[in-house]
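What follows is one structure encoded as structure tokens, with my remarks underneath.
Since every read-out is calculated from the coordinates, none of them should be taken as a lab result. Fair warning: this is a prediction, and the values are worked out from it, not measured in the lab. So basically every Cβ, Gly included, is an ideal-geometry build from the backbone, and we count neighbours across all protein chains shown.
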Amino acid sequence: QLKQLKRDIEAAKERAEGIVRGRQRRFGFVRLDDGRDVFLPPEQMDRVLPGDRVAIVVNRGDDDKLSGEIEKLLDSPLSTFTGSYVTRGQAHFVEPDLPRFGKLLFLPPAERKKAQPGDLISCQLKRHPFRDGRAQAQILKRIGQPEQPGIEADYTIAKLGLPCDWSEQALATELVDRCAEQREDLTDLPFVTIDASETRDIDDALYAEATAEGWRVVVAVADPSAFIAAGSALEQAAAERGTTVYMPGKVLPMLPDAVSAEALSLVEGQERAAIVCDMQIGADGDITSYRFSQARIRSRAKLSYSEVAAHLGGDSSLPHASLELLFQAHRALLARRREQHLVIADKPEFRLMLNEQRKIEQILRVERNDAHKLVEECMVAANRCAADWLRDEAALFMTHSGIREDRVDNVKAVLAEALPELAETNFTELAGYVALVKAIEASDSELPLRSIVSRMLERGLPSAELLPHHGMGFECYTTFTSPLRKYGDFLVHRCLRAKLQGEPLPVPNADTLEALQAKVIRARQASNQVERWLKCQYMADKQEQHFAAHILHVSGGGFTVQLDDSGIQGFVDARSIEGKLSFDPNFLRLSNDQRCYQLDQPVTVKLDRIDELRRSINFQLVESEPASTAS
């Protein structure tokens, strides 16, 4: 009877599986497969790591709260990671740089290599704590000291596992133009390239001439896919990287410099292979016809944005007749796009100027000039033509589905109150979304409606299926104009070439596209993390300064501001503001009877604190005081 009673009690226990979620403190939670969160007390949390998949017994306390007892470790994905080498008394540990990870992992003497306390290190988990709560790690590599010049980029590369070395096979890949016999000779056309002065991996060149109807605009794009065979070591290396990674003070190119900056770059005076989009532009900015070809070109000049902008502004004179014609065509194209599609508003860019120690010396606010806009409009036009030419077959397109599905009701609520005449607009469809944005832009509402809607959008995605691009207001769109820097553009070149040659298009599968998107996101994370680290250091001695800023994001816990002169972002905690604030998830604002904080609102802030662990900045509002700026 006693045995049966024990079996009955055991059978009555609730068992479940889930993923361990850590905290900076010793306790944690298990997110069950059914969505519930179960508390893990410290003695249970000591046996697992954040991210572990576990089987637990779920207990319900007298207060009806759930707590868990771990029965079995099902999977532990943590393998390698980065962190800081620290000591506590005589014991040596690594403090992992992982989200919601509050543990120190013991470093046995034999596993410390030649690293020293204070070093930033790359490690591997050697012993899981499940059996007895005693985890161990081993050092794989010493990355460097925190004060070492360039450590921010070096550490981030190790943390995110970015590939930065080239195999001998990739470097030894022979570059042979497999399409040489099919190329048209366009070397007589006086192409020019317009890019940043320091750019060496030059993807595109431009030429324009006047016609009776408007302009002929020719965009020539470097053609690496003709030289790099599918499946070759060099192609695999480019696919592994996915994109060129731009970090302050360091660039990880998608292709070796000998390829991207020399052999295949559209350098001045050298004959180069290109895929060419030859467009006829009407006086009203309509693209009336286009033609793609494989060609040989020769750029006449490497021009910088600044010198082209000076030429267009009348401050200097360049001996290239194409420039004024390109500028005229750009204005017509842009006007047409504003009328029939959507144009994203210009935002200032911020350039980090580093000193010899590779720390921020100065942050420059850079406004986009006419040369930037000219090049962008020509690229958009050529990309639109590429998408239109490929639209009848599965290929590689860039898509954007507009409003996030979980935000549709929020947008409807905003419209019902702010623009009731649009309440019935079907903005989940392309035409309805374009009409919505245009109506918002034309409205005289004091609310930041465009910013509110922009915070509720999906992320753009690559797709083999032809789908609209809501963000730009196009029925179809792709990009092929940066094949030396973006693997997606490289793949679109393969599709264009196959169509030119009457062959089946090499359509990437869903796994390839998913992996590509993950690598693009990883590259963006790398750039952002290095920037945040450097900006934390830069702000450390600016405790007493006041900064003019504006509100960038709003949540229930507070809001993110961006400093107007430097672009530095930081968080203002709602708890630091007098009076309880309520969050409106529709209009994305925090308010009470006395105060209201919403998107785009100008504010004055000062530094509160810098979180070195998370490399984030917290600001405090400076209210009822005049704003002063500092950069």
Cα lying deepest toward the dipole's positive end in the chain, options PRO256, VAL414, PRO602, charges on Cβ: PRO256
Karplus-derived HN-Hα couplings along segment 191-202 (A = 6.51, B = -1.76, C = 1.60, θ = phi - 60°), whole Hz, x at Gly and Pro: 5, 9, 10, 10, 7, 5, 4, 8, 5, 10, 8, 8
Per principal axis, descending, Cα span of the chain in whole Å: 97, 64, 56
Sequence-distant residues sharing a close amide H with ILE202 (under 5 Å, placed H): LEU266
Debye log10 I(q)/I(0) for segment 334-468, one point scatterer per Cα, at q = 0.15 Å⁻¹: -0.95
Cα centroid of segment 313-369 to Cα centroid of segment 200-244, whole Å: 21 Å
Packing-based ranking, highest mean first, of 584-595, 544-555, 219-230 given that Cβ atoms within 10 Å are counted: 219-230, 544-555, 584-595
Charge context of ALA135, other residues only, Cβ under 13 angstrom, K/R +1, D/E -1: +1
Protection proxy ranking of 439-450, 206-217, 238-249 - average other beta-carbon atoms within 10 Å, highest first: 238-249, 206-217, 439-450
Globularity ratio of segment 115-216, using Cα Rg and 2.2 N^0.38 Å: 2.03
Between segment 97-119 and segment 582-599, the alpha-carbon center distance in angstrom: 44 Å
Rounded to whole Hz, the Karplus (6.51, -1.76, 1.60) HN-Hα couplings of segment 263-269, x for glycine and proline: 4, 10, 5, 7, 6, 4, x
Cα-centre dipole for segment 105-157 with unit charges at Cβ (Lys and Arg positive, Asp and Glu negative), debye to 20: 400 debye
Estimated inter-spin distance, SER79 and VAL343, nm [label 7 Å along Cα→Cβ]: 4.9 nm
Placed amide H near ASP97: partners under 5 Å, 5+ positions off or other chain: THR82, GLY83, SER84
Anchor LYS347: lysines whose Cα lies under 17 Å away (excluding residues fewer than 8 positions away in-chain): LYS373
Amide hydrogen neighbours beyond the local backbone of GLU184, cut-off 5 Å, H modeled: GLN294, ALA295, ARG296
Additional length obtainable on full extension of the chain from LEU364 to ASP392, 0.36 nm per residue less Cα span: 5.6 nm
Calculated from backbone phi, Karplus (6.51, -1.76, 1.60) coupling profile of segment 169-178 in Hz, x at Gly/Pro: 5, 5, 5, 8, 4, 7, 8, 10, 6, 6
Kirkwood Rh, angstrom, segment 464-560 [1 / mean 1/r, Cα pairs]: 17.7 Å
Proximal aspartates and glutamates to LYS535, defined as alpha-carbon separation beneath 14 angstrom and excluding residues fewer than eight positions away on the same chain: GLU152, GLU361, ASP565, ASP611, GLU612
Cβ crowding within 10 Å averaged over residues, with 126-137, 290-301 ranked highest first: 290-301, 126-137
